[in-house]
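Single-structure report; data block below.
The values are calculated or read from the model by the stated rules, or taken from the named source; none is laboratory data. Predicted model only: the values in this text are computed from it and were never measured. Here Cβ is always computed from backbone atoms with ideal geometry, including for glycine, and neighbour counts include all displayed protein chains. Only protein heavy atoms, including side chains, enter the accessible area calculation; ligands, DNA and RNA are left aside. Shrake-Rupley method; radii C 1.70, N 1.55, O 1.52, S 1.80 Å.
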Amino acid sequence: MEDSSSTNQPNNSELTNFSDEVDPKTDDDSKKESASSMKKDSTLEKEDLWLSGGPAGSRNSILIFRSSALANASDNVVRSKPGYQLHTSYKVSQAETKLLSKLLECHGMVEAGNNSTDFNLLWTGSHPKPGTLRSLAPHQRVNHFPRSYELTRKDRLYKNIERMQHGKGLRNFDFIPQTFVMPGEYRELCSTHYRLKGPWIVKPVASSRGRGIFIVENPNQVPLDEPVVVAKYISKPLLVEGHKCDLRLYVLVSSFDPLIVYIYEEGLVRLATVRYDASHKQLWNPCMHLCNYSINKYHSDYVKSDDPSAENVGHKWTLSALLRHLKAQGKDTALLMAQIEDVVVKAILATASSIVPACQMFVPHTNNCFELYGFDILIDEDFKPWLLEVNLSPSLGCDSPLDVRLKSAMLADLLTLVGIPAVDPLLHSSTISVNSSSSSTKGSHFNVLKMKLSNCRRVHSADALHQTSTKKSSTTTQGRFSSSKFDLTAEEMKIVRTAKQQFERRGGFVRIFPTVDSWSKYSQYLETVTGIPSNGAPSSTYNVLGTHNYNQMLFLQLYPDVPLGHSLKNLDKSINERKSVGIERKRDLSLDGTVTDKGVPHNRQERYERMLSQGHRQTFGVKKIPLHESHSAELKRQLLESMKGGKRLTQIEARKVFSSYLACILKRIAAAPDQEGHVEIVLKFLQKASNYLRTPFSVKVPSQKLLGKDRAAIIAKQLNDFLYIYNRETEMYGDVLHRPSELPSNLFIEFLENARECDLEEVLVEQSLHPTSTNNKGTGFQNVLKCLPSASQTYLKTTSRRPAPRNACKISSRIS
């Protein structure tokens, strides 16, 4: 395994100093920074460290975020931050935001209520509603673009790329495995299988975290009663020390028109737990063929490093550690990263034609939306990257110190780059009504557009479009979009200014579109007049508010000395000539550097390969000090006394206790997979209990050929998926099932936080035995406990005289 010590670090003088995360891989000792920042809580922070663009409350002022703030979040320090003084706030919805919330709150932001419209940032795990987008004020930011599912739904992603393959050439978009959408394309799958054979990987169209994924050898094993995609399995992946791996890359799109794409210089490498077997005799083993952390973490052989500085230890590495490992083996990592950047840009280009008109219709202001995508990339043995999927709202969970370091630095740089305005949202609430009238006017323009679209001429020849696009665009619009800012409209000047300011605040993000060579590489995929990406479908005029070509305009403003259509082999010469001329105005080409023969700038590749040294190093969150067993027993005793006195758990409380009990079972079988009897009992429970979920949940029975620990990991993963759906349904139907609690609320909450497995079991048994219970009739919980592995059988034995019902899992229906 490669030594994790750093070699020669690059010169980072070209990077700006907006935050200590501007260059998250410098040689600075972050431990010293954290220690120095915690010397005096009473010392007020300098305002210019946390602001950019002007004083607090000014028009162009934005908040600066630093991951080091997590190490010093005392009340005095937080109150000194501009975010606190300006009453800035954020909202979260259906998202895993523990790390994000901590980062925002230590910068002075507070969480707004669910119904509040006075916020600076809205972070949601799902697509925002059109009404929410239309009502956004200029100072508000939301972490999704409308219709971004065109990129993140597996079926839509493949169909969009497939159109590009048909319209722009298969060889230009041959980076996604051949995929079929079920059940509509089952016949095509069968005919392809007879020519190419399997195996095939089956995925639900809109799932995440490895839920519902499995591998089949022939189409007869593919379910046809639910929407799934079936993709050709890449059977010869790149192996790292004998294990299959994939990459999780963090991609930021700050604008779709013009298109501006960044990729974070550090990513995660996820290794499968079980060594890879190329014979395909163990296709049933997801811990060999799937690299998702959510699957492999339940395997007893999974190695999780507790050292935040260890980047190549265990089954989770950093991207830079992998690149250094491959480079030491003589691999061309520069070419690999050039191909990965190309895959990311082309995937976004393939889907942008549907997202741009939605932005024009629903988003009232230019900078309202941004999006962080999680790109999953697999590298095969020939060193070719393949796009597996793109994740909406990639996980920000921190299950290891390495997660905390990387994600805290990435989030701080993300928030700084997109620019959260440093304004008091309460003082700008009046602008919402103005935005409403503006969006309604925009909607009327869109209605006129829809009438025009019906008469649009179809482009039948993609080749003809490709031959004329570069020539026509360079002769018709280059004159107007000259390097002089005086030739631009007010809107275009704002776009250029925003792009340059974001680039200056980029931190650890690398801009991969536009770049010095992007026009020569990707202009063939842009419409000639509007500059909007075209996916090869019938041509449409997307422009709502007048003719523009923002992509070409921005490129000419950022790179005025690079002619449109300039060949890649002459870029290095062009850049050197530009340097010798001595242009007075400073251009943002510092990141690109000198282009190599691989098409990757020198210092950009160095940024990908250097070690991560920034980010919060301490374990995230405060560890809960376990109470003494006597105190836990006392809480249980008080709760049982109340229940024996006639008080009962509500349905919501019962579901929470049952969920906690199942979580204890999950931990136990994951930690001790040798308990085969318990594992099989859990499988039987899942097969029965899945019928009582409102959300369809299919239980896959692992092959008997698997080793016991492999089989236990698969069942544990499915129990975790069951718990995820069960808890989500508890939240979804909470209002319907809610009724006043009969138990002291503080007692129940404290009990639930500190209860042991045996404590939860006793409470469930007591709830099930009471004949007047409103949510069961005395048999449910007891029999569910009978069909689950138990740490203590004492209380089950005392109640075993009661006759068991025919269905041992009826409690699932009674509490659901």
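The table below gives the values:
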{"item": "Within the stretch 277-304, tally of residues that are under 22 Å from the mean Cα position of the chain (by Cα) and not basic (Lys, Arg)", "result": "11"}
{"item": "Residue in the stretch 127-142 that is under 16 Å from the mean Cα position of the chain (by Cα), in contact (Cβ under 8 Å) with a residue 40 or more places away in the chain and closer than 22 Å to Pro258 by Cβ present", "result": "yes"}
{"item": "Flag if Pro82 is under 29 Å from His365 (Cβ atoms) and either touching a residue at least 12 places away in the same chain (Cβ under 8 Å) or under 20 Å from the mean Cα position of the chain (by Cα) (or both)", "result": "yes"}
{"item": "Qualifying residue in the stretch 88-105 (condition: of a type in the set (Asp, Glu) and touching a residue at least 40 places away in the same chain (Cβ under 8 Å))", "result": "yes"}
{"item": "Some residue of the stretch 323-339 being among the hydrophobic types (A, V, I, L, M, F, W, C), free of Cβ contacts under 8 Å to residues at least 12 places away in the same chain and surrounded by fewer than 24 Cβ atoms within 10 Å (Cβ to Cβ)", "result": "yes"}
{"item": "Subset of the stretch 120-133 (residues that are modelled with pLDDT of 95 or more and open to solvent by 10 Å² or more (accessible area, probe 1.4 Å))", "result": "Leu122, Trp123"}
{"item": "Helices (runs of 4 or more DSSP H) within the stretch 286-373 that include 3 or more residues closer than 30 Å to Glu150 by Cα and of a type in the set (Val, Ile, Thr)", "result": "333-362"}
{"item": "Residue within the stretch 174-186 that is surrounded by 18 or more Cβ atoms within 10 Å (Cβ to Cβ), on the phi > 0 side of the Ramachandran plot and out of contact with any Cys (no Cβ under 6 Å at 6 or more places or on another chain) present", "result": "no"}
{"item": "Residues located in the stretch 226-276, provided they are open to solvent by less than 10 Å² (accessible area, probe 1.4 Å), over 18 Å from the mean Cα position of the chain (by Cα) and of a type in the set (Gly, Ala, Ser)", "result": "Ala272"}
{"item": "Selection status of Lys203, within 25 Å of Ile348 (Cα to Cα), in contact with a strand residue (DSSP E or B) (Cβ under 8 Å, 6 or more places away or on another chain) and open to solvent by 40 Å² or more (accessible area, probe 1.4 Å)", "result": "no"}
{"item": "In the stretch 182-219, residue modelled with the lowest pLDDT [restricted to those that are in contact with a helix residue (DSSP H, G or I) (Cβ under 7 Å, 6 or more places away or on another chain) and of a type in the set (D, E, K, R)]", "result": "Arg209"}
